[in-house]
1. Computed over the Cα atoms of region 1-47, what is the ratio Rg over Rh, Rh following Kirkwood?
2. Taking 0.36 nm per residue of sequence separation and subtracting the Cα-Cα distance, how much length would be gained by fully extending the chain between Ile491 and Lys89, in nm to one decimal?
3. Quickly work out the Arg521-to-Ser78 label distance, labels modelled 7 Å from Cα along the C-beta direction, and quote it in nm with one decimal.
4. Roughly how big is region 240-307's charge dipole about its Cα centre, with Cβ charges of +1 (Lys, Arg) and -1 (Asp, Glu), in debye to the nearest 20?
5. When only alpha-carbon atoms are used, what values of Rg and Dmax, in angstrom, describe region 153-211?
6. My understanding is that a pair violates if its Cα-Cα distance is over 23 Å; which of Lys79/Lys132; Lys28/Lys132; Lys28/Lys259; Lys453/Lys532 do that in this structure?
7. Normalise the Cα radius of gyration of region 11-92 by 2.2 N^0.38 Å (N = residues in it) and let me know the number.
8. Which one, Leu424, Leu473, His324, projects farthest toward the positive side of the charge dipole computed for the chain from Cβ point charges (K/R +1, D/E -1)?
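Where a number appears in this text, it was derived from the coordinates with a stated rule and is not lab data. Everything numeric in this text was worked out from a predicted model, so none of it was measured. In this analysis, Cβ positions are derived from the backbone assuming ideal geometry, glycine residues included, and neighbour counts consider all displayed protein chains.
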Amino acid sequence: MRIRYLPETLINQIAAGEVIERPAAAVKELAENAVDAGASEIAIDIRQGGKSLIVIADNGSGMNETELAASVDRHATSKLPSDDLLDIKHLGFRGEALASIAAVSRLEIATRQQDGESWSIAVEGGRKHPIKAAGHPSGTQITVRDLFYATPARLKFLKSDRAEYMAVRDIIQRLAMAFPAIGFRLNHDGVKSLHYPAFQSLEDRLSAVMGRDFGQNAFPVSFEREGVILSGLASLPTYHKATAQHQYLFVNGRPVRDKLLTGAVRGAYADVLHRGVHPALALFVTLPAQEVDVNVHPAKAEVRFEKPDLIRGMIVSALKHGIHAQGFRPSNTTSGAALQKFTISPHGLAPANTSFWAAPQSASPQSYGNLAEAAQNIYEPLAPLVARTYEAPAPQADTQQYPLGAAMAHLHENYIIAQTQSGLVIVDQHAAHERLVYERFKAQMAASGGVEKQGLLTPDIITMDEADCAALLDHGDIFASAGLEIESFGIDALAVRSIPALLSGRANISKLLGELAADIRDNNHAGGLEEKLNALLSTMACHGSIRSGRKLNPDEMNALLRQMEETPLSGQCNHGRPTYIALSLQDIEKLFHRR
Ligand code: ADP
Ligand code: MG
């Protein structure tokens with residue numbers, strides 16, 4: 001065995017594998033360099049997902065002749081003047097990106113400082129050509145041809161052009177969110193892909209990147225604890241996405257990916273979103289440089305926090321707080337989507353449909369007698385409120401003052417139509433009531449550490465699958481604190497000793513237990529105790545709420561509306577579906593071309 005020192009080009013190729021794993025990584029390094037150079041405009045052109053060509057031009061500081069020659073050498077950087085790895089003020093600091101890219105491609109740099117001369121250099125597969133005079137305007141343009149031609153093994157592992165392009169696009173979007181003052185352009189195969197003008201406000205930039213809808217359906221996040229500042233925008237629970245890809249984290253201005261974010265976000269929204277949908281958000285963490293290590297990974301995409309629990313806790317608290325502060329506001333996309341459904345048929349509306357919106361009295365032809373009777377009729381949890389709000393029949397004009405207005409009609413045994421001062425509201429009674437019951441459960445838990453239960457004189461014996469029985473009994477303690485006391489009764493049956501008082505006379509307990517067993521099986525109740533309990537309460541609430549199909553009288557409907565106004569988070573059901581949509585008169589007038 002003979003130990004030998006590897007030649008420089010080979011060392012660079014090996015190192016390049018870590019820093020530059022795909023075209024998007026090269027684009028990231030080059031665009032970060034442009035940001036570090038103080039550019040206000042960065043233009044990127046790529047071909048074939050960046051595999052055959054990457055051109056990136058900036059109007060930043062540029063380099064002089066000596067700097068240019070040094071820039072492509074390994075570990076040459078202008079960004080670590082003090083040898084202190086904790087004092088990092090730029091995106092770059094390792095001084096290896098240009099050397100790495102140059103080692104595996106055909107690289108060309110043309111540059112000029114504001115009042116200097118213009119120079120260019122070419123490096124092919126790590127071999128440096130002499131510096132030449134050039135005719136470049138001030139700033140820098142870097143051209144990367146045939147990335148990985150020098151390392152065919154790597155080339156083989158690249159994905160399709162489209163996939164590589166999407167990765168590039170994602171990189172630029174993240175950088176664009178972190179630097180709203182910088183203008184970014186991206187073209188792919190000559191086609192315009194992204195264009196963000198310079199000097200946008202952070203909010204405008206986030207809307208530009210994440211969509212106008214996001215901007216309109218997000219709440220601001222702002223939180224500070226122990227010298228750490230958290231800010232940004234997060235979506236309302238009713239505005240959500242099928243993947244967690246639309247969640248962005250920035251640490252001290254640097255776009256990073258961190259598992260900590262995903263977990264914290266899931267925890268914060270657990271109460272208002274079911275699994276399988278995800279909020280969209282962009283969060284910015286600012287903290288003293290000594291409390292975060294950005295030098296964990298050659299691509300600098302990951303960070304290590306000195307106090308990860310503090311950061312995670314802050315994200316959860318800030319988001320929960322923000323969600324609650326939104327009260328019963330659902331996203332405006334729901335009413336927008338509703339409006340689009342009202343397409344006007346060229347033949348005019350059928351008469352049956354017009355009566356839909358007929359005068360209010362047609363909706364309540366019969367009188368409901370006195371309120372005591374109404375209160376008797378009403379679904380139990382609503383009763384106290386009916387008594388409180390409706391001691392005397394409220395005149396309609398008054399009721400209309402409420403944000404959710406006065407109930408006018410009950411349609412298809414599930415939809416309440418209410419008239420508000422500025423338009424109308426359509427409520428999904430099942431979704432709305434589910435949230436109300438859920439919040440009641442939580443209030444009971446908070447007040448007394450348990451859900452109010454109702455003992456059963458004779459236990460309900462429910463037969464079910466042996467595995468389901470065992471799974472449910474495993475969670476017996478949590479169920480008990482939620483008012484649902486179960487005991488083993490032979491191997492394939494359970495005895496139910498008590499049920500939550502709110503479910504009494506409403507829920508089909510056997511069905512509920514079946515669903516809870518399925519939840520456990522699908523691991524839907526994973527997570528900490530509180531998460532488990534909330535998931536359980538949510539499932540119970542669904543079973544305890546007024547089903548669609550149940551007729552409501554006007555007092556019941558109005559009581560439901562008033563309760564929604566008072567209940568936190570009532571803009572969405574426990575699964576993140578909206579509980580109501582609001583249409584303004586303006587919108588309606590538009591539909592009729594009155595505007
Ligand atoms: P790092 O960014 O970690 O310093 P790089 O290999 O990416 O390492 O770049 C090496 C050096 O080249 C930088 O420190 C900087 O001085 C110079 N440089 C690279 N790109 C540019 C650019 N677009 N404009 C001006 N200078 C640049
Ligand atoms: Mg760099």
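1. On the way: Rg = 15.7 Å, Rh = 13.1 Å.
Across region 1-47, the Cα-based Rg/Rh ratio is 1.20.
2. Details: separation 402, 0.36 × 402 = 144.72 nm, distance 6.50 nm.
Between Ile491 and Lys89, full extension yields an extra 138.2 nm.
3. It works out to 6.5 nm between the two label points.
4. Details: 9 positive and 6 negative charges, 46 e Å.
With only Lys, Arg, Asp and Glu charged at Cβ, the dipole is about 220 debye.
5. Both quantities, over Cα of region 153-211: 13.3, 43 Å.
6. Working: Lys79/Lys132 25 Å; Lys28/Lys132 27 Å; Lys28/Lys259 20 Å; Lys453/Lys532 19 Å.
From Lys79/Lys132; Lys28/Lys132; Lys28/Lys259; Lys453/Lys532, over 23 Å: Lys79/Lys132; Lys28/Lys132.
7. Details: Rg = 13.7 Å, N = 82, 2.2 N^0.38 = 11.7 Å.
Ratio of Cα Rg to 2.2 N^0.38 Å: 1.17.
8. Leu424
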